[in-house]
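Asker: One structure coming up, written as structure tokens, with questions to follow.
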Protein chains: 2
Amino acid sequence: MKTSRQPSLIAAVLFSTAVFTGTTARASQPLPSWNDGQAKQSIVDFVAKTTQTGSPDFIPQEERIATFDQDGTLWVEKPMYAQLVFCLDRVGALVKQKPELKDVDPFKTVLSANRAAIAKLTTPGLEKILAATLSGMTIEQFQAEVKKWLATAKDPRWKRPFTELTYQPMREVLAYLRAHGYKTYIVTGGGQDFVRVYAEQIYGIPPEQVVGSMGGTTYGYDHNGKAILSKDPKLLLLDDHAGKPEGIHLLIGRRPSAAFGNSTGDQQMLEYTKAGDGARLCMLVLHDDATREYAYGPALGLPDSKVGTFTQALYGEAQKQGWIVISMKKDWKNIFAFENNSLEPSTRGTAASH
Amino acid sequence: MKTSRQPSLIAAVLFSTAVFTGTTARASQPLPSWNDGQAKQSIVDFVAKTTQTGSPDFIPQEERIATFDQDGTLWVEKPMYAQLVFCLDRVGALVKQKPELKDVDPFKTVLSANRAAIAKLTTPGLEKILAATLSGMTIEQFQAEVKKWLATAKDPRWKRPFTELTYQPMREVLAYLRAHGYKTYIVTGGGQDFVRVYAEQIYGIPPEQVVGSMGGTTYGYDHNGKAILSKDPKLLLLDDHAGKPEGIHLLIGRRPSAAFGNSTGDQQMLEYTKAGDGARLCMLVLHDDATREYAYGPALGLPDSKVGTFTQALYGEAQKQGWIVISMKKDWKNIFAFENNSLEPSTRGTAASH
């Protein structure tokens, strides 16, 4: 399938549906976007030993759980988390509803469109923006807003919808694990309700398999007496760092056998995964490819980064614990599906969603 | 399969495994423990119209969600919720760990074994007992405690393990819906971690499909540096009344198409289910069979009850909204699997868990 330069979201959705509804796993040629090496081999070995009957590491199908961080692990997180762009973009609509916010910071700064000033917004300021733009509407209104935004918003570097900036090698891992009976979950520091809107379309992961930072909802009735759930600003769980294993227990109730992340926020999820009995697979994506994507650490002397920090301490922990570090530069043949038009969808990954 | 008078928990588990791993749905004879009537017919009609290709009410398989209250809907809730019995039974072990509680109420009252005094415990007293007995240990320790208790504790009337007091007609509904592509969830006011311990064994419902009242956990490390999650007394969500649709959104993220309950605590779940587009099935079990189980309302002049209250107002709401009231007395041919030893497992319900 050829992909034009700026395909519509609908095309992207159709494309991902084509990928995820394929049914034949090409066991002879798994993970085509991966170069041969320790990272690829560790995935293939793990799947073989945990799914082949009679293997001492066999895991019954109902216990096969694999968890994936999203930002920086499944899709691009630079220069800014997609959800933060959404929230900043929503400030205009918010101020139309509540004009009294127009002259109040941090909303005033966002409306100024002064990039330098926006970049300097403090955490409390950003939290105010998140709380104000992610609450005060019904679940359905919020989902409609996110869908509308996804259809038009573009990443500043690739000029493509955010939903096209998923990592093809990781989509192949999702499909490969599912083809072998694993249930795949997203476990993200991002908003659970936000990621649920597109996770099924772009990753084949249904809403009930998205664990994220959880806002409260309030049950009530609209003016016709119809039952509604409204999003409120109360944070029930920040699904990052220690919150990731806590969120996994809350929503899944089982310990994962495999976990994938890319930053210090994923360390506890990997520790919790590794602490279980039997075979475990823990992997961290290292962004060391400034040409094809971004390079940041500060591990291994890569540039430091506030977003998606991969410290040298985390690198040391990975070596100590036997977690595999994936080098984006060396381990990934392609990064995005749109890079390599010669690949047919059928070779990009297979199997229906689990 | 013959069931002896007091079969072991292992036998009960083997039995339920046999029920839930059958693979052929007997479409010609669904719901054998149900008498013919509006209740049975409404289930059969709903499944037919939502799962037959070309039907105007067809629901795609990934959107087929059915939610079930547990206490009083799937198993006996009288004279006391099983979980409350567990908590009271745990007070002895708790006091061994913390002897300073021995002379302090409400623990002192529970240890006195004075039934009249225990029955008079106030809500704040009971909450103290729940908080103290359901927290302060790792998830794995808690699960082991519940398993140990389930293996020995008996219901006072039937002298059988609580896990045998499930309603056979409702187990058939679970299996029938699953055989038609529905994902079945428990949505209970009881503790999510408590119900998850046995839901897979007795209902074929895996941990990730149990929504219940949610306690917080705290991530940390044991003395060997191994990652652990400890249960803490903080309540994240009380999954009852308005908390049920809120819990459904939090864990599932989709609106159910079918919902089953038996008390005022289920009203909002049924309202939320009904408020969606397309075909919906909402049902309430009415306990009107004092001989075979219990009779309580106070709807229709049945005796009033603090546990599992079914008010006349709820009955009126059911009539107004088109929710079906199931009469335990008239609609159910059998109530428990152990009543009718002549039934072979294969006729009792089918289909693997979803």
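Asker: Based on DSSP loop calls and a cut-off of at most 15 other Cβ atoms within 10 Å, the longest stretch of chain A free of exposed trypsin sites (Lys or Arg not before Pro) is what?
Answerer: Counting at most 15 other Cβ atoms within 10 Å as exposed, the longest clean stretch of chain A is A:27-101.
Asker: Also: Quickly estimate the mean residue ellipticity at 222 nm for chain B, helices only: each DSSP H run with n ≥ 4 gives -39500 (n - 2.57), and the total goes over all residues, rounded to 500.
Answerer: It lands at -11500 deg cm²/dmol.
Asker: Kirkwood Rh, Cα Rg: Rg to Rh for the protein assembly as shown?
Answerer: In the protein assembly as shown, Rg relative to Rh is 0.97.
Asker: Additional query: With every protein chain present, what is the per residue accessible area of the protein assembly as shown (1.4 Å probe, Å²)?
Answerer: 42
Asker: Using only Cα atoms, find the angle between the long axis of helix B:38-51 and the longest principal axis of chain B, and express it within 0 to 90 degrees, rounded to the nearest 10.
Answerer: Helix B:38-51 sits at roughly 80 degrees to that axis.
Asker: I need to check one value: relative contact order of chain A, counting alpha carbon pairs closer than 8 Å and at least 6 residues apart, in percent.
Answerer: 27
Asker: List the distances, in nm and shortest first, from the label point of A:N224 to the matching label points in every other copy, placing each point 7 Å from Cα along the Cα-to-Cβ direction.
Answerer: So the label point of A:N224 gives 5.9 nm to the other copies.
Asker: What's the average, rounded to a whole number, of partner chain beta-carbon atoms within 10 Å of each residue's beta-carbon in B:241-250?
Answerer: Whole-number average of other-chain Cβ neighbours for B:241-250 is 5.
Asker: Taking the 0 to 90 degree range and rounding to the nearest ten, how far is the long axis of helix A:192-203 tilted relative to the main principal axis of chain A, both from C-alpha atoms?
Answerer: It is inclined by approximately 50 degrees.
Asker: Next up: At A:D57, with labels set 7 Å past Cα in the Cβ direction, how many nm apart are the copies from this one, shortest first?
Answerer: In ascending order, 4.9 nm.
Asker: Dividing the alpha-carbon radius of gyration of chain B by 2.2 N^0.38 Å (N being the number of residues), what value is obtained?
Answerer: Chain B yields a ratio of 1.00.
Asker: Where in the stretch A:187-220 does accessible area fall by at least 30 Å² between the isolated chain and the complete protein assembly, at a 1.4 Å probe radius?
Answerer: Output list: A:R196, A:E200, A:P207, A:E208, A:T217, A:Y219.
Asker: With the cut-off at 31 Å, tell me which of the pairs A:K234/B:K148; A:K244/A:K329; A:K183/B:K154 have Cα atoms farther apart than that.
Answerer: The answer is A:K234/B:K148; A:K183/B:K154.
Asker: Another question about this same structure. Can you tell me the length gained on complete extension of the stretch B:K102 to B:E317, counting 0.36 nm per residue apart and subtracting the Cα distance?
Answerer: Computed gain between B:K102 and B:E317 is 72.7 nm.
Asker: Quick one: with label points 7 Å out along Cα→Cβ, list the inter-copy distances for A:Q321 in nm, shortest first?
Answerer: Spacings between copies for this position, smallest first, are 4.5 nm.
Asker: Quick one: if the Förster radius is 22 Å, what FRET efficiency do B:K234 and A:T123 give, using the C-beta to C-beta distance and rounding to 0.05?
Answerer: Once the sixth-power term is evaluated, E becomes 0.40.
Asker: Stokes-Einstein diffusion coefficient for the stretch A:162-223 at 37 °C in a medium of 0.692 mPa s, Rh from the Kirkwood formula over Cα pairs: what value in µm²/s?
Answerer: 252
Asker: Give me the angle, in degrees from 0 to 90, between the Cα long axis of helix B:82-97 and the longest principal axis of the Cα atoms of chain B, rounded to the nearest 10.
Answerer: Tilt of helix B:82-97: around 20 degrees.
Asker: Over the whole of A:325-332, what's the average partner chain Cβ count within 10 Å per residue? Rounded to a whole number, please.
Answerer: Taking the mean over all residues of the peptide, I get 0.
Asker: While we're looking at this one, here's another question. Can you tell me the alpha carbon radius of gyration of the stretch A:298-341 divided by the globular rule-of-thumb value 2.2 N^0.38 Å?
Answerer: For the stretch A:298-341, the normalised Cα radius of gyration is 1.42.
Asker: Still on this structure, please answer the following. For the stretch A:96-250, build the charge dipole from Cβ charges (+1 Lys, Arg; -1 Asp, Glu) around the Cα centre, then report which of A:T152, A:Y221, A:T166 sits farthest towards its positive end.
Answerer: A:T152
The values are calculated or read from the model by the stated rules, or taken from the named source; none is laboratory data. In this text the structure is predicted, and so the values were computed from the model without any measurement. Counting neighbours? That spans all protein chains shown, and the Cβs are built from the backbone with ideal geometry, glycine included. Note: areas computed on protein heavy atoms with side chains; ligands, DNA, RNA excluded. Shrake-Rupley method; radii C 1.70, N 1.55, O 1.52, S 1.80 Å.
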